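Read through the structure below, which is laid out as C-alpha cells, and then see the notes.
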Amino acid sequence: MTRLKFKIDNNSNTLKFQQLVDAIVNAISQNQLKEGDMLPSVNQIMKEANLSRDTVFKAYAELKKRDVVESVPNRGYFVTRKIIKVFLFLDTFKAYKEVLYGSFLKHLPQNISVDLHFHHYNIHLFEKIILESLGKYSKYIIMNFDHPKIGGIIRKISADQLLVIDWKIHASPNHSAVFQNFGQSVYDCLGANLDKIRQYKKFTFFYPPFTYHPKDAVEYFGIFCNDHKIKHAVIFDEEKFRIEKGELYFLVSDRTLARFLDQCAEKGFEPGREVGVISYNETPMKKYVKNGITVISTDFELMGQKAAEFVATGKPVTFEVPTTLKLRSSL
C-alpha cells in the first residue's frame, strides 16, 4: 500500500472531496501511483487529511465512476489505469468555445484528465500559467493570440506534446495544429453568396476596438468587395456604427450583434428585410434569433473532436477545419 499523504486546503473554494480526487489523479498522472497500486484506506485518509468518512467515500466513488480505481471486497481500492493529464488553454469562454470544449471532452477516453485555463488575451497571464504548467502535463492544447512573445513561450513546450488550436499564428512548422482560416475562407464564403450580397446598396464590416478577431478577415473582406465592385466600408469606431436601411453588416463580435439588434428594434427594421447581417462564429442560439442569423463559422464540434484525437493517439496533426456560411433569414 502506498504511503502517499494527501493534503487538503480548508480555505480553498474547491470542495474537499474534489480536492482529494484531484490529488489522487495528479499522483497517478505523475507515476507516484501506478496501475495495480493500492490506495490508502478510507480510515487512513480520514485520519491524515482530517476528512469525514462520507467525503472520502464520495471521492473514491467519483474515481470508480471514471474507471480510475476499483474496489476489491475486504482488500481496498486499487489503481486500474494510468491517467493522462491535459492542459487546455483557451482565450475566453464564449458560447462557441463551450461547443468546442464539450466536443473535446466527449471524444476523450475516460483515462484523460483535463485542466481548463483561460488567458483572456493577457500576455503576462499567458506566460505565467504556461511556465507554471511545464512538466505537469502529457499534452498541451493551446489557443494562441497575436503577440510577439507567444512563439517563444510556446516553444518551451516539447513539440510532440503541443497542439495549437483555432488560430495557427506564432506556431512553428513542427507544431501540430487544428485551426481555421480567417482570410481566404471569408472570401470564399462571401463569394458563394454573391447574389444575396448584391441585393444591398452597401456592405459594412464593423471591427470594434475591443475585439481580438484576426484582421485577416478584414483584409479578405476588402479584397472580396474590390474584386466584385461592391460598395463597402470598414468601421473601427464604435460611435460611427449606425445602421442604415438597405445596407448589409458583417459583425465579428456578439456584443456588436446585440447593438445591431438594438438599433433594429429602435428603427423598426427587420433583419433580412430592411437591413442584412452576417455574424461570425456559430452559437446554439443564432439559428433562433430573429428567425435565424446568417453566420460564417468554422465547425467547433469538429475542432474539439480533432483535438481529442491528438490527445488520444499521440500522433502529430495538421488539420484545417472547414469554414462555411450558414444562410438564414438575416441575409
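The values are calculated or read from the model by the stated rules, or taken from the named source; none is laboratory data. As the structure is a prediction and not an experimental result, all values here were calculated from the model. With ideal geometry, Cβ positions are generated from the backbone for all residues, glycine too; neighbour counts draw on all protein chains shown.
Determine if the range 176-190 includes at least one residue that is of a type in the set (A, V, I, L, M), touching a residue at least 40 places away in the same chain (Cβ under 8 Å), crowded, with 21+ Cβ neighbours inside 10 Å and closer than 20 Å to ILE278 by Cα. Scanning the range 176-190 turns up at least one residue that is of a type in the set (A, V, I, L, M), touching a residue at least 40 places away in the same chain (Cβ under 8 Å), crowded, with 21+ Cβ neighbours inside 10 Å and closer than 20 Å to ILE278 by Cα.
Just one of the numbered conditions (1) surrounded by fewer than 17 Cβ atoms within 10 Å (Cβ to Cβ); (2) in a helix (DSSP H, G or I); (3) touching a residue at least 60 places away in the same chain (Cβ under 8 Å) is not true of LEU100: (1). Among the residues of the range 6-31, write down those that are part of a loop (DSSP other than H, G, I, E, B), among the β-branched types (Val, Ile, Thr) and within 27 Å of the chain's Cα centre (by Cα). Listed by number, the list holds a single entry, THR14.
Here is the figure for the range 103-123: residues that are crowded, with 16+ Cβ neighbours inside 10 Å, without any contact (Cβ under 8 Å) to a residue 60 or more places away in the chain and either in a strand (DSSP E or B) or not assigned by TED's automatic domain parsing to the domain that holds GLU309 (or both) total 2.
In the range 63-87, the residues that are on the phi > 0 side of the Ramachandran plot reach residues that are hydroxyl-bearing (Ser, Thr, Tyr) and in a loop (DSSP other than H, G, I, E, B) with C-beta atoms within less than 7 angstrom, at least six apart or across chains, in these pairs: ASP67/THR80; GLY76/SER41. The set of residues from the range 81-103 being at pLDDT 85 or above and more than 29 Å from GLU282 (Cα to Cα) comprises just one member, LYS85. Looking across the range 150-173 at every residue that is without any contact (Cβ under 8 Å) to a residue 24 or more places away in the chain and assigned to a loop (DSSP other than H, G, I, E, B), the one that is surrounded by the most Cβ atoms within 10 Å (Cβ to Cβ) is identified as ARG155. Taking SER71 as the residue in question, decide whether it is surrounded by 13 or more Cβ atoms within 10 Å (Cβ to Cβ), hydroxyl-bearing (Ser, Thr, Tyr) and more than 21 Å from THR14 (Cβ to Cβ). Judged against the criteria, SER71 is a match. Scanning the range 147-167 for residues that are at pLDDT below 95 and either within 25 Å of SER297 (Cα to Cα) or in contact with a helix residue (DSSP H, G or I) (Cβ under 6 Å, 6 or more places away or on another chain) (or both) yields a count of 0.
With respect to being surrounded by 18 or more Cβ atoms within 10 Å (Cβ to Cβ), within 20 Å of the chain's Cα centre (by Cα) and part of a loop (DSSP other than H, G, I, E, B), PHE126 falls outside the description. In the range 1-46, which residues are β-branched (Val, Ile, Thr) and either surrounded by fewer than 17 Cβ atoms within 10 Å (Cβ to Cβ) or without any contact (Cβ under 8 Å) to a residue 12 or more places away in the chain (or both)? Selection gives THR2, THR14.
I'm checking my understanding of the structure. Among residues of the range 283-317 that are surrounded by 15 or more Cβ atoms within 10 Å (Cβ to Cβ) and polar (S, T, N, Q), which one is nearest to PHE104 (Cα to Cα)? Ranking the qualifying residues of the range 283-317, first place goes to GLN305.
The selection criterion, being surrounded by 18 or more Cβ atoms within 10 Å (Cβ to Cβ), in contact with a Cys (Cβ under 6 Å, 6 or more places away or on another chain) and either modelled with pLDDT of 95 or more or of a type in the set (A, V, I, L, M) (or both), holds for HIS232.
Against the condition touching a Lys or Arg at 6+ places or on another chain (Cβ under 8 Å), of a type in the set (Ser, Thr, Tyr) and farther than 30 Å from LEU134 by Cβ, how does SER71 come out, does it pass? So SER71 fits the description; yes. If you filter the range 129-146 down to residues that are assigned to a loop (DSSP other than H, G, I, E, B) and free of Cβ contacts under 8 Å to residues at least 24 places away in the same chain, you find that the one that is surrounded by the most Cβ atoms within 10 Å (Cβ to Cβ) is LEU134.
To keep it simple, each residue is scored yes or no on (1) among the aromatic types (Phe, Trp, Tyr); (2) in the same structural domain as LEU108 (by TED's automatic domain parsing); (3) within 23 Å of TRP167 (Cβ to Cβ).
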{"residue": "GLY268", "(1), (2), (3)": "no, no, no"}
{"residue": "PRO271", "(1), (2), (3)": "no, no, no"}
{"residue": "VAL277", "(1), (2), (3)": "no, no, no"}
{"residue": "GLU282", "(1), (2), (3)": "no, no, yes"}
{"residue": "LYS286", "(1), (2), (3)": "no, no, yes"}
{"residue": "GLY292", "(1), (2), (3)": "no, no, no"}
{"residue": "PRO316", "(1), (2), (3)": "no, yes, yes"}
{"residue": "ARG328", "(1), (2), (3)": "no, no, no"}
{"residue": "LEU331", "(1), (2), (3)": "no, no, no"}
